[in-house]
Amino acid sequence: MNLSLHEINEIIALCDEMVKYASRNGTISSGNEIYIKYAGSIYTFMYTHSLMDKNYPIFCILDQYHTSSRGATLNLREVKTIYEAVVALKHDLFLECFEKIFISHREKDQKQVAAFIELLYAIGIPRPDATKPESVIFCTSHPAAYLENGSRNLSEIRKQFTDQAHIFYILWYTDNYFESQACLNEAGAIWATGKKYQEILSPGFKSEKIGGLLDKEQVWFKADDKYRLNSFKEQIERMFGLTPITQNAWETARDAFIHQINAILEEAQENTNG
């Protein structure tokens, strides 16, 4: 992740702590440890990135509620204004930088999606591990990316559409997808909220079935299209600030993915015919 994006996320986390504190207590003092950390962090960020401009509306809002005095207090409304301004700052500065991937798919197609997730890992999307257990990829059917025990699918999915994180949405189209009202609802929400997305068609799926679901512009590609996969890899690298893997490593991973996808589809066809 871009270093500056990491910095702004840490500031947003501090703002979130301030909102929680003010929600419990009515106000927060400028002498409070949380506010002191926030005030120092936002000032450093704005100064470092040359954003201290009186003509920049977001700076004006943040400057209005910034104080070095230890005797001031901010109420809940003011703290929420700070939080919203910092989130707006993030969206303004890092519009094309992304932190998470949401894969909209039908659980019946989990084998295909699991193969695709492995391809994303090969490109450089980090796997969750003991030190960073939170997955970059949100996918309800994958062991490394699905919900924790006790979580509710609907509320967690809804969170993916309201989270302040920059999320890239991938829609995995199959016949099964278009038979699911839940999947169609997700696709509709992606369109309605203006999210950045990529439609990927399982090999053998006919594109005319997409209809007028999302934009009229043709943004989809087939999962076994080598050349479009090459472009997709470069897109993911740019969006997530990844160091490109070697050409040989990429071609090996890409071709293995295509082979696996086709094998999964052949197996499914044999089971259907059998």
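The values are calculated or read from the model by the stated rules, or taken from the named source; none is laboratory data. All figures in this text were calculated on a predicted structure; none of them were measured in a lab. Note that each Cβ is placed from the backbone with ideal geometry, even for glycine, and that neighbours are counted across all protein chains shown. With ligands, DNA and RNA removed, areas are computed over all heavy atoms of the protein, side chains included. Shrake-Rupley method; radii C 1.70, N 1.55, O 1.52, S 1.80 Å.
Summary table
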| item | result |
| --- | --- |
| Degrees between helix 3-25 axis and first principal axis of the chain (Cα, 0 to 90, nearest 10) | 60 |
| Structure-based [θ]222 nm, the chain - -39500 (n - 2.57) summed over DSSP H runs of at least 4, per residue, nearest 500 | -17500 deg cm²/dmol |
| Heavy-atom accessible area per residue - the chain, 1.4 Å, Å² | 54 |
| In Å², nearest 10: area of residue 108 left accessible to a 1.4 Å probe | 140 |
| Cβ-Cβ FRET estimate between residue 227 and residue 66, R0 fixed at 51 Å, reported to 0.05 | 0.50 |
| Value of relative contact order over the chain, rounded to a whole percent, pairs C-alpha under 8 Å and six or more apart | 18 |
| Label point distance in nm, residue 185-residue 33, each placed 7 Å from Cα along Cα→Cβ | 4.3 |
| Cβ crowding within 10 Å averaged over residues, with 69-77, 87-95 ranked highest first | 87-95, 69-77 |
| Fraction of beta bridges assigned by DSSP in the chain that are antiparallel (%, nearest 5) | 20 |
| Cα-centred dipole magnitude for segment 1-53, charges only on beta-carbon of K, R (+1) and D, E (-1), debye, nearest 20 | 180 |
| Reported label for calculated Cα extents along the principal axes in Å given (i) 63, 40, 36; (ii) 57, 51, 35; (iii) 77, 41, 39 | (iii) |
| Crossing angle, helix 181-192 versus the chain [Cα axis fit, 0-90 degrees, rounded to tens] | 50 |
| Carbon and sulfur %, accessible surface of the chain computed with the full protein complex present, 1.4 Å | 49 |
| Value of relative contact order over segment 5-73, rounded to a whole percent, pairs C-alpha under 8 Å and six or more apart | 37 |
